[in-house]
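Please treat every number below as a calculation from the coordinates, not as lab data. None of the values given here were measured: they were computed from a predicted structure. Here the Cβ positions follow ideal geometry from the backbone for every residue, glycine too, while neighbour counts run over all protein chains shown.
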Amino acid sequence: MNRRLYPGGDYRRAQNIEELRAIARRRLPHFAFEYLEGGADDEVTLRRNRAIFESIGLQPRTLRDVALRDLTTRFFDGPASMPMMFGPTGFNGLLTDKGDLRLAEVAARAGIPFILSNASTVSIEDIARVEGVRAWMQIYLYRTRAHVAKLVDRVKALELEAIVVTTDSAIFGNREWDRRNYVRPLKLDLRNQLDVLRHPRWIWDVLIPSGVPRFQNLGDLLPPGQDSVKGAASALAAELDPSLNWQDIAWLRDLWPGRLIVKGMLHPEDARLAVQYGVDGVVLSNHGGRQLDGAVSAMEVLPEVVSLAKGQLSVFLDGGFRRGSDIVKALLLGADGVLLGRAGLYGLAAGGAAGASHAIEILRTEVDRTLGLLGCSNLDELCPDLIHDPKWRAAAEAIVGSLSAESASAFHPAAMRQD
């Protein structure tokens with residue numbers, strides 16, 4: 001039996017992300033923790049996101065000099081200290097005061113990118129002012145395209161590097177746990193109201209400084225006075241656009257000259273289309289198991305997408321990452337990097353900025369240790385023969401084969417001709 005002794009309420013004693021999760025669960029009111037934790041329907045996809053990592057066995061090499069190890073990588077034109085970043089997560093002001101700002105500060109100190117959610121409670125202008133931050137902006141293509149255009153103008157004015165457009169939420173997933181906590185939209189039932197009173201530390205941290213958190217990047221999309229987390233849910237739901245299609249991506253591509261990343265795809269054909277539409281990167285994602293229940297894990301489609309698109313666009317993914325070894329497995333299957341969702345938020349909820357830093361340090365240490373134990377001194381040394389399972393090794397080898405063929409064709413005399 002796997003027994004764990006949880007470290008009370010002190011995030012500094014947490015030895016792994018699961019222990020930070022336990023601390024966050026005690027610190028947050030029930031409704032806030034369920035928002036952070038829950039998935040759609042029966043949460044089959046949520047469980048699948050974690051289970052997939054156990055199916056990938058590693059086969060390390062030994063008697064290799066790994067005294068010096070290097071975790072650095074590059075995302076597009078900029079360096080990153082390790083192969084991960086904070087992915088876009090909304091409503092972080094419910095976890096701790098100015099939660100998005102705290103995450104951005106942690107990311108800047110750690111040397112990794114931070115992606116601000118469209119549904120954040122801190123403005124993109126405040127994030128851009130964080131010293132040393134490498135900030136990207138996530139958006140939804142709402143029905144009101146004028147709002148989207150204005151948001152793009154704000155991002156241009158700040159000279160940010162990338163926009164990440166989320167495409168898997170044109171229809172809102174069925175999150176029964178969320179509705180169960182309310183008697184009407186964002187009006188907590190009596191049981192949850194009493195539970196909030198049992199969390200005075202959360203009240204003093206989140207509610208007392210400036211009241212109910214307010215959305216800071218939705219501007220004219222919301223009616224006057226309806227920009228609070230409490231009042232905006234129905235307005236946002238009405239703005240979701242089921243007609244969203246690739247022509248909308250083309251519209252955004254024309255509008256935005258910087259790096260454009262499409263988040264929320266799971267089918268290789270969509271990655272092929274992303275290349276055709278001039279996208280710079282994709283994020284394979286099932287939205288943390290919160291949209292289509294029964295959807296595959298991003299890890300399951302990663303090798304095929306990489307085989308199709310590597311060298312033409314960057315391939316990232318999210319979904320269920322809780323250990324550094326999970327991140328290394330994604331790199332072995334061709335990922336350029338990993339977006340962290342709940343793993344970082346557990347730290348944020350458990351101990352604010354310091355807790356989030358602790359989460360990143362846990363994962364950094366685990367990636368470093370996994371790399372060394374595999375017999376590698378840097379990320380470039382990760383190769384298919386470090387995967388034991390035949391299915392996964394074959395998938396990784398196919399990636400190497402497709403890249404070798406691509407490299408060979410680049411030096412073929414026919415490829416060198418100019419018209």
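Placing a pseudo-label 7 Å from each Cα along the Cα-to-Cβ vector at Asp65 and His388 gives an inter-label distance of 2.9 nm.
Every helix of 4 or more DSSP H residues in the chain counts as -39500 (n - 2.57), and over all residues that averages to -13000 deg cm²/dmol at 222 nm.
Excluding same-chain neighbours fewer than eight residues apart, the lysines reachable from Lys263 by a Cα-Cα span under 24 Å are Lys150, Lys156, Lys310, Lys329. Residue order for Lys310, Lys263, fewest other beta carbons within 10 angstrom first, comes to Lys310, Lys263. FRET efficiency for the Arg47 to Asp153 pair, using the beta carbon distance and R₀ = 30 Å, is estimated at 0.15. In sequence order, the stretch 168-181 has phi-based couplings of 9, 10, 5, 10, 6, x, 8, 10, 5, 4, 5, 5, 5, 7 Hz under the Karplus curve 6.51 cos²θ - 1.76 cosθ + 1.60, θ = phi - 60°, and Gly or Pro positions carry x. Full extension of the chain between Leu197 and Thr72 yields a length gain of 40.5 nm, computed as 0.36 nm times the residue separation minus the alpha carbon distance.
The magnitude of the dipole of the chain, with charges of +1 and -1 set on the Cβ of Lys/Arg and Asp/Glu and taken from the Cα centre, is near 1200 debye. Ranked by the mean number of other Cβ atoms within 10 Å of their residues, highest first, the peptides 202-209, 311-318 come out as 311-318, 202-209. The residues Leu374, Leu68, Leu302, when put in order of fewest to most other Cβ atoms within 10 Å, stand as Leu68, Leu374, Leu302. Neighbour counting of Cβ atoms within 10 Å sorts the residues His287, His267, fewest neighbours leading, into His267, His287.
For Cα Rg over 2.2 N^0.38 Å, the value computed from the atomic coordinates appears in the list [x] 1.30; [y] 1.08; [z] 0.98 under label [z]. Each label was represented as a point 7 Å from its Cα along the Cα-to-Cβ direction; for Asp254 and Asp10 these points are 6.0 nm apart.
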